[in-house]
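Trainee: Here it is: the structure, laid out below.
Every read-out reported here was derived from the displayed coordinates using simple, explicitly stated rules and does not represent laboratory data. Because the structure is predicted, anything quoted here is derived from the model rather than measured. Backbone-built Cβ (ideal geometry, glycine too); neighbour counts: all protein chains shown.
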Amino acid sequence: MEIARPSPRTPSPGTPSRPQPPVLPPAALAPRTPLLRRLDALDWLYALALALGAAFALYRYHTAMDVYDDLILVLHVPVLAVIGWHWKPFRAFLAAVALLALASIALYQGDLARAEQTFLLKYLISSQTAIMWMSALIFIATGAYWLGLIGRSDFGERTGSALTWIAATMGTTGLFVRWYESYLLGPEIGHIPISNLYEVFVLFTLMTALLYLYYEGRYATRRMGAFVMIVISAAVAFLLWYTFTREAHEIQPLIPALQSYWMKVHVPTNFIGYGAFAVSAMVGTAYLLAARGILASRLPALRVLEDVMYKAIAIGFAFFTIATILGALWAAEAWGTYWQWDPKETWALIVWLNYATWLHMRLTKGLRGAVLAWWAVVGLLVTTFAFVGVNMFLTGLHSYGAL
């Protein structure tokens with residue numbers, strides 16, 4: 001009597017079956033149309049507007065720019081074009097910032113004293129006023145997101161999203177106008193506004209908000225906003241404390257160590273990384289709560305939260321790596337060596353190793369779930385110490401950023 005043998009394709013009883021890969025719809029398997037072939041007339045019009053804007057800036061402000069400024073400005077045209085092609089809402093944001101900043105510059109008429117004389121400058125679009133509007137709107141948006149999440153109110157979440165967009169617009173306008181105001185104080189004082197803790201906290205707020213808004217649109221859910229806005233509100237609270245207790249909003253001349261073109265690329269790149277790490281940590285917090293059944297029915301699915309967390313860390317790690325390399329090149333020019341184990345450098349390396357290990361464990365070891373979420377939360381604490389704690393408690397070559 002012949003014994004039936006199990007088919008090689010059918011697991012025998014008691015044998016754990018291997019998970020099968022998901023079946024993708026035909027549309028997902030079809031080759032994707034190249035980017036340039038997907039562009040329409042509005043896409044090219046947007047790119048043309050960017051090119052004309054850069055040409056106007058070169059013509060109008062070339063006397064205050066060196067060859068590196070010119071190069072950075074020109075390179076921003078294709079970068080911003082690609083961002084706008086992939087992320088349509090970014091176009092309206094950029095247009096609003098440009099219009100408000102140009103309106104503010106026109107109202108100044110080359111006289112800084114008009115900040116207290118002209119209604120719109122005094123109450124809306126001078127640099128400090130715009131940044132204060134950003135701060136107030138961030139707090140209101142945070143409350144709206146939480147009301148929307150707890151009350152299951154789509155109106156609350158939509159309000160929070162709209163207010164976050166307006167806050168990012170006002171804050172970005174404030175930084176651009178502050179740049180112009182620094183030149184009104186004197187050509188030797190003028191500089192890009194990313195040189196002290198006040199300015200970089202504004203930058204951190206903007207980067208984190210914009211990164212979150214991208215993921216909000218990408219995943220078509222506003223239910224992560226309540227958590228991400230907590231860390232943004234914390235940054236704004238520090239910014240306000242720093243402003244009113246230290247008068248940090250006053251524009252100061254650059255110290256010699258910061259008078260370098262490297263600052264213009266190192267600092268923004270660094271803060272894209274910081275902002276992405278902040279988003280990942282707060283989404284990780286939402287994941288941990290949802291995994292325990294807290295607000296689980298009101299938050300996105302765990303797989304969505306995990307995917308956002310991973311992609312935010314991947315983007316943050318890429319930009320933080322670039323920023324670290326740029327910082328080493330800047331150090332070589334300023335101090336004659338790429339690395340000196342300065343406290344800021346050492347903690348930057350710790351942050352880099354932390355997220356490199358996180359990505360390694362996820363991509364090669366298949367680690368998933370709560371462990372990575374906790375890791376992302378702890379990673380933000382490490383990053384915060386590297387960002388602020390080093391300035392507060394340690395001294396070194398970067399002590400010019402001390403509180």
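Trainee: Determine the dipole magnitude for the chain: charges of +1 sit on the beta-carbon of Lys and Arg, -1 on that of Asp and Glu, nothing else is charged, the reference point is the Cα centre, and the result goes in debye to the nearest 20.
Mentor: 1820 debye
Trainee: Suppose R0 equals 56 Å; then what is the FRET efficiency for Val67 and Phe244 from their Cβ-Cβ distance, rounded to the nearest 0.05?
Mentor: Computed FRET efficiency for Val67 and Phe244 comes out at 0.90.
Trainee: Same structure again: Ignoring the sites themselves, what is the longest stretch of the chain with no trypsin sites (Lys or Arg not before Pro) in a DSSP loop and at most 13 other beta-carbon atoms within 10 Å?
Mentor: 153-291
Trainee: Here's another thing I want to ask about it. Go ahead and set up a Gaussian network model of the chain, Cα springs under 10 Å, then flag whichever of Gly284, Gly336, Gly174 fluctuates most.
Mentor: Gly336
Trainee: Fewest to most neighbouring Cβ within 10 Å: what's the order for Leu73, Leu137, Leu329?
Mentor: The fewest-first ordering by Cβ neighbours comes to Leu329, Leu73, Leu137.
Trainee: Quick check: net charge around Asp43, other residues with Cβ under 10 Å of its Cβ, Lys/Arg +1 and Asp/Glu -1?
Mentor: +2
Trainee: Working only with C-alpha atoms, what are the Rg and Dmax values of the chain, expressed in angstrom?
Mentor: 23.9, 104
Trainee: Any chance you could tell me what percent of the C-alpha pair distances in segment 56-114 go past 19 Å?
Mentor: Value for segment 56-114 (Cα pairs over 19 Å): 47 percent.
Trainee: Sort Met65, Met392 by Cβ crowding within 10 Å, fewest neighbours at the top.
Mentor: In order of increasing Cβ crowding within 10 Å: Met392, Met65.
Trainee: Another one. Please report Ile140, Ile150, Ile315 as a ranked list, fewest other C-beta atoms within 10 angstrom at the top and most at the bottom.
Mentor: Going from sparsest to densest Cβ surroundings: Ile150, Ile140, Ile315.
Trainee: Still on this structure, please answer the following. Select from Asp111, Asp154, Asp40 the residue whose mean-square fluctuation is largest in a Gaussian network model of the chain (Cα-Cα springs shorter than 10 Å).
Mentor: Of the options given, Asp40 has the highest mean-square fluctuation.
Trainee: Give me the distance between the Cα centres of segment 110-174 and segment 32-93, rounded to whole Å.
Mentor: 25 Å
Trainee: Estimate the FRET efficiency between Arg152 and Leu381 by the formula 1/(1 + (r/R0)^6), using the beta-carbon distance for r and 30 Å for R0, to the nearest 0.05.
Mentor: 0.45
Trainee: Within the chain, what is the longest stretch that has no chymotrypsin sites (Phe, Trp or Tyr not before Pro) placed in a DSSP loop and near at most 15 other beta-carbon atoms within 10 Å?
Mentor: Longest gap between qualifying sites, sites excluded: 88-337.
Trainee: Continuing with the same structure: Using 0.36 nm per residue, how much length does the chain from Lys88 to Ala57 gain when fully extended, once their Cα-Cα distance is taken away?
Mentor: 8.8 nm
Trainee: Where the centre of each part is set by its Cα atoms, how far does segment 188-250 sit from segment 297-311, in angstrom?
Mentor: Each part reduced to its Cα centre gives a spacing of 23 Å.
Trainee: Among Ala257, Val267, Ala281, which residue has its Cα positioned farthest towards the positive end of the charge dipole of segment 247-308, with +1 placed on the Cβ of Lys and Arg, -1 on the Cβ of Asp and Glu, and the dipole taken about the Cα centre?
Mentor: Result: Ala281.
Trainee: Whole-Hz Karplus ³J(HN,Hα) for segment 250-258, in order, using 6.51 cos²θ - 1.76 cosθ + 1.60 and θ = phi - 60°, x for Gly and Pro?
Mentor: Whole-Hz 3J(HN,Hα) from phi for segment 250-258: 5, 6, 10, x, 5, 6, x, 4, 9.
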